[in-house]
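Shown next, in structure tokens, is the structure this report addresses.
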Amino acid sequence: MIDRAHVHHEHTGRSSESRVNKHIILEALDLRRGQTILDAGCGNGYMSKQFARSLDGDGKVYALDSDGDGIETLRKETIGTTIEPLQGDITTTTTIEESSIDLVYLSNVMHGFSSDQTRGFCREVKRLLKPNGKLAIVEIDKQDASFGPPMSIRFSPEELKQVIPLTPTDTVQVGQFFYMQVFENQK
Ligand SMILES: C[S@@+](CC[C@H](N)C(=O)[O-])C[C@H]1O[C@@H](n2cnc3c(N)ncnc32)[C@H](O)[C@@H]1O
């Protein structure tokens, strides 16, 4: 098991947009109108926009990121939509109401968490998810590619299953180098 106590990874801010297949992701998540979704570490918000489109204007998407400038840009772009951009840290208690979220989506963020942050993330996800709500984590495969974080901090689906205190359901390949692991908050 990798020692993640001192992981400190500066995200390059690069979006996974051109590297993952949004249609495969959306199909696997089987979203329903009226749902509330949290895109945690949303970056430029490209998936928040996809989620809002899939909910057809009926529901809500929180686009949360620790980067204030990115959130400000997204705020201007999403005025009048069902997307609510929020600056915050998903590894601590956020301002979002407990048991209010149907899906927490975390793409390309998890590998940067230290073990303390991972514990904080798990606590916050458990607080936010409705009974039977889902957590979907997109991560880069543990195989050589000409891009991406060091191999030593990447997670395999099996390693995610060891740290996430929810029931694993699906593992889906969502790009040449990316997979999505889905968990459920089963009661
Ligand atoms: C590599 S980018 C991925 C962005 C987007 N999810 C994607 O797949 O393209 C990582 C993002 O996570 C954000 N981030 C990192 N740690 C975070 C935290 N603890 N809480 C909220 N956002 C965080 C960064 O600011 C950055 O925008």
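A straight chain from Ser18 to Ala145 at 0.36 nm per residue would run longer than the Cα-Cα distance by 44.2 nm. In the chain, the longest principal axis of the Cα atoms and the axis of helix 68-77 are about 40 degrees apart. What FRET efficiency do you get for Asp116 and Gln162 if R0 is 25 Å and r is their Cβ-Cβ distance, rounded to the nearest 0.05? Computed FRET efficiency for Asp116 and Gln162 comes out at 0.90. Both radii are taken from the alpha-carbon atoms of region 107-178; with Rh as the Kirkwood radius, Rg/Rh is 0.96. A simple spin-label model places pseudo-atoms 7 Å from Cα toward Cβ; at Thr73 and Gln186 they are separated by 4.1 nm. Each of Ser99 and Leu26 was given a label point 7 Å from its Cα along the Cα-to-Cβ line. The distance between the two points is 3.2 nm.
With Rh defined as the Kirkwood radius, the inverse of the mean 1/r over Cα pairs, the Rg/Rh of region 27-143 is 0.94. Annotation: per residue accessible area for the chain equals 50 Å², rounded to a whole number [probe 1.4 Å, protein chains only]. Computed from label points 7 Å out along Cα-Cβ, the spacing between Lys126 and Thr171 is 2.4 nm. Close Lys pairs in the chain (alpha-carbon distance under 18 Å; sequence gap of 8 or more, or different chains): 15. Taking amide hydrogens as placed 1.01 Å from N in the peptide plane, the amide H of Ser107 sits under 5 Å from those of Ala40, Val138, each at least 5 positions away in sequence or on another chain.
For the chain, the fraction of 1.4 Å probe accessible surface lying on carbon and sulfur atoms is 45 percent.
The values are calculated or read from the model by the stated rules, or taken from the named source; none is laboratory data. Source: prediction; values computed, not measured. Positions of Cβ are backbone-derived with ideal geometry, glycine not excepted, and every protein chain shown enters the neighbour counts. Ligands, DNA and RNA are excluded from the accessible area calculation, which covers all protein heavy atoms including side chains. Shrake-Rupley method; radii C 1.70, N 1.55, O 1.52, S 1.80 Å.
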